[in-house]
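Report on one structure; see the data block that follows.
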Amino acid sequence: MTASTRSISILGSTGSIGTNTLDVLTHLGGRETFEVVALTGASNIALLAEQAIAHGARLAVTADESQYVALRDLLSGTGIEVAAGQSGLMEAANAGADMVMAAIVGTAGLAPTLAAARRGADIALANKECLVSAGDLFVAAVRQGGGRLLPVDSEHNAIFQVLEESQRHAVERVILTASGGPFRTFTREQMANVTVETARAHPNWSMGLKISIDSASMFNKALEMIEAKHLFGLAPEQVEVIVHPQSIIHSMVGYSDGSVLAQLGSPDMRHAIGYALEFPRRAKLPVERLDFARLARLDFEAPDEARFPALRLARLAMTRGGVQGAVLNGAKEVALDAFIAGDTGFLSMAQITEAVMEELAHLPPAASMDDVFAADLEARQRAKARLG
Ligand code: NAD
Ligand code: MG
């Protein structure tokens, strides 16, 4: 460890973003560059224990309380502290690392990420649900804490890379690229009967199960539209989406003089992770270099909101404002879990979400995080009631 060593905790280290983050840390120089403070996972405790030992973590936390004893046994004699459950996640968030990688999936990540933001840690944010559900309150918490908010979602990381702070006033629009997912060319009739196995097979990116299915329904892009609005302080009409099947352009910013700046790269999350970890420096990263002659072409298509209603629902949530992001996300998470469990069809995810959004359109804006959690819970209960 040297004077320039920084410290990091990873919430959700056993997932797709989490394992990629540990890989990037190794490439950046391992413990000489970043001291790993806390790692958290859920059910995969064997991997969590292995990571904690390999990276010299001080604390390992499983969100699943029933796994506490098993994790403690796996780590006995190592000196690594063990904790579990919600209080364990909060302990990890508060364990004092300079930076926290927020890589838990879903609203489960909101409370610990918020705690890390409030105590002033730099937040590398993959867990987009924080911004979708808590929006401006989350941004305000980061600001009050005094840490930086570094987007890890590849689209937002791309925008962050090309959005010059001094030219912020001249931003006309941001253009989020979307691969279109595995059902880009499917009709609604074809989508009606798709399975979890076909929905999870993303054409370009390798990601966790839930975000892969959200990419197939374009709910992922819907969440990203709301995420962009809060992250960059945009009006709903400044957030555009373009389908770009090759996923080489990761997103773009359009300025008032008509210029459009884009960030390009191979579809590898280690790029966005490395950029967030090393910002404002650029590190040497092990991602594949683009070969334009081999790529030959980049294609674009207008998104089809009739086939992918999630995009329309995002626009509705953005224009209504208030807690509508929390309602959209809470209802969607319940419907997504039901689709994964085989209890409902692919198309009903958007139908259930829209119905719950209509039922809860009257909810007032959130005065505090309690209102956000209440709206999330209410949306979940209504979505469950619709599933029967
Ligand atoms: P994943 O499913 O691969 O991993 C999720 C992590 O969260 C795991 O460590 C898991 O143990 C933990 N976890 C799951 N449920 C939990 C709970 N209830 N409480 C506490 N921990 C829990 O997911 P992922 O693909 O790595 O995505 C993580 C986040 O990053 C998501 O918000 C996703 O939208 C976002 N994201 C992911 C990618 C990607 O390439 N995977 C890209 C952009 C954004
Ligand atoms: Mg993304």
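Calculate for the chain the 222 nm mean residue ellipticity that helices alone would give, adding -39,500 (n - 2.57) per DSSP H run of length 4 or more and normalising by residue count, nearest 500 deg cm²/dmol.
Details: 17 runs with 178 residues, N = 388.
When only DSSP H runs of four or more count, the value is -13500 deg cm²/dmol.
Percent antiparallel among DSSP beta bridges with both residues in the chain, to the nearest 5? Don't skip to the answer; put the middle values down first.
Working: 11 of 40 bridges.
Beta bridges within the chain, antiparallel portion: roughly 30 percent.
Would you mind pulling out the separation of the Cα centroids of the stretch 314-388 and the stretch 179-194, in Å?
22
State the Kirkwood hydrodynamic radius of the stretch 162-299 in Å, one decimal place, computed from all pairs of distinct Cα atoms. Write down the numbers at each step before the final one.
Working: mean 1/r = 0.0604 Å⁻¹.
Mean inverse Cα-Cα distance, inverted, gives 16.6 Å.
How much length is gained if the chain between Ala355 and Leu290 is pulled fully straight, taking 0.36 nm per residue apart and subtracting their Cα-Cα distance, in nm to one decimal? Don't skip to the end; give the middle numbers.
Numbers: separation 65, 0.36 × 65 = 23.40 nm, distance 4.33 nm.
Between Ala355 and Leu290, full extension yields 19.1 nm more.
Could you identify which residue out of Gly233, Gly109, Gly88 has the top mean-square fluctuation in a GNM of the chain using Cα springs shorter than 10 Å?
Highest fluctuation among the options: Gly233.
What FRET efficiency comes out for Glu65 versus Val196 if R0 is 25 angstrom and r is the Cβ-Cβ distance? Round to the nearest 0.05. Display every interim value, and only then the final one.
Values: r = 27 Å, r/R0 = 1.09.
Between Glu65 and Val196 the formula returns 0.40.
Treat each spin label as a single point 7 Å out from the Cα along the C-beta direction, and report the Ala302 to His27 distance in nm.
3.8
Which residue, Ser247, Ser87, Ser266, has the most motion in a Gaussian network model of the chain that connects Cα atoms within less than 10 Å?
Comparing Ser247, Ser87, Ser266 in the GNM, the peak value goes to Ser87.
Kindly rank 278-284, 124-130, 154-160 from highest to lowest mean number of other beta carbons found within 10 Å of each residue. Mind showing how you got there, number by number?
On the way: 278-284: 11.6, 124-130: 28.6, 154-160: 26.1.
Top to bottom by mean Cβ count within 10 Å: 124-130, 154-160, 278-284.
Return the whole-Å distance between the Cα centroid of the stretch 54-68 and the Cα centroid of the stretch 253-293.
33
Round to a whole angstrom and tell me the spacing of the C-alpha centers of the stretch 116-169 and the stretch 221-240.
Answer, in whole Å: 12.
With the chain treated as a Gaussian network of Cα nodes joined by springs under 10 Å, which of Leu298, Leu261, Leu336 yields the largest mean-square fluctuation?
Greatest mean-square fluctuation among the candidates belongs to Leu298.
What ranking of Thr107, Thr177, Thr113, Thr5 emerges when the number of other C-beta atoms within 10 Å of each C-beta is taken as an exposure proxy, fewest first?
Numbers: Thr107 22, Thr177 27, Thr113 31, Thr5 13.
Final ranking by Cβ density, sparse to dense: Thr5, Thr107, Thr177, Thr113.
Pop the C-beta distance of Leu47 and Ala170 into the FRET formula with R0 = 56 Å and round what comes out to the nearest 0.05.
Numbers: r = 46 Å, r/R0 = 0.82.
My answer for the efficiency is 0.75.
Over the stretch 6-151, one equal point on each Cα, no solvent: what is log10 I(q)/I(0) by the Debye formula at q = 0.14, 0.19, 0.21 Å⁻¹?
For the stretch 6-151 at q = 0.14, 0.19, 0.21 Å⁻¹, log10 I(q)/I(0) is -0.57, -1.04, -1.26.
Using label points projected 7 Å from each Cα along Cα→Cβ, tell me how many nm separate Leu264 and Ile242, to one decimal.
1.2
What shape does the chain take by its C-alpha gyration tensor, where a ≥ b ≥ c are the square roots of the eigenvalues and a/c under 1.5 counts as rounded, a/b above b/c as prolate, and the rest as oblate? Kindly include the intermediate steps, with their values, before the conclusion.
Working: a/c = 1.45, a/b = 1.19, b/c = 1.21.
Since a/c stays below 1.5, the shape of the chain is classed as rounded.
No value in this document is a laboratory result; all are computed from the given coordinates. Keep in mind the model is a prediction, meaning the values are calculated, not measured. Counting neighbours? That spans all protein chains shown, and the Cβs are built from the backbone with ideal geometry, glycine included.
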